[in-house]
Each structure stands twice: as C-alpha cells, then as structure tokens.
Amino acid sequence: MYEAKESERKILAEPPYNYNIEAIDLLDTESDKVRRGIPIALPNTIVVCKYQSDLQEIKKCQKKWWHFWA
C-alpha cells in the first residue's frame, strides 16, 4: 500500500483522477488502517483499492528508466 506524497497529491487532484484533497486524506487514513490490519467497511475497501491502483500507476510513471534496473 502506498501513501500519497505532495507531488502525487497534485496529480491525483487533476484529471483523469479528480480526487478531492479531503478525499485523498481520508483514503490515506483508510489505507493506513488496512496496512495495520484494521478492518474497514466493504464500500471503503473498493474505493481504497481503486485509489491504491491509481497511486501505483502515478508512482510507476514518475520513476526514471534506470530505477527499473535496480
């Protein structure tokens, strides 16, 4: 599970993701609960999974090509 950094928050707030800043904070909190093994509600789980997928895509796009060799 990933946590959004400031640069990633800016990308998440723009199209095509269109996340609200408050929603990003909430989703980071819910993601932290999942990391620690605290159960969350099923609808939140689905949204957290989508959020984590979007965040993973952003993180992979920000990596430089030489980071993949390590």
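Computed quantities for the displayed model
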quantity	calculated
Cβ-Cβ under 7 Å pairs, at least 6 apart or on other chains, the range 57-70 side farther than 26 Å from Pro15 by Cβ and modelled with pLDDT under 90, far side exposed (fewer than 12 other Cβ atoms within 10 Å of the Cβ) and among the basic types (Lys, Arg)	none
From Ala4, Ala41, residue being out of contact with any strand residue (DSSP E or B) (no Cβ under 9 Å at 6 or more places or on another chain) and touching a residue at least 12 places away in the same chain (Cβ under 8 Å)	Ala4
Every residue from the range 7-25 that is surrounded by 11 or more Cβ atoms within 10 Å (Cβ to Cβ) and hydroxyl-bearing (Ser, Thr, Tyr)	Tyr17, Tyr19
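The values are calculated or read from the model by the stated rules, or taken from the named source; none is laboratory data. Since this is a predicted model, take the numbers as computed values, not measurements. Cβ sites come from the backbone with ideal geometry, for glycine too, and all protein chains shown count toward neighbours.
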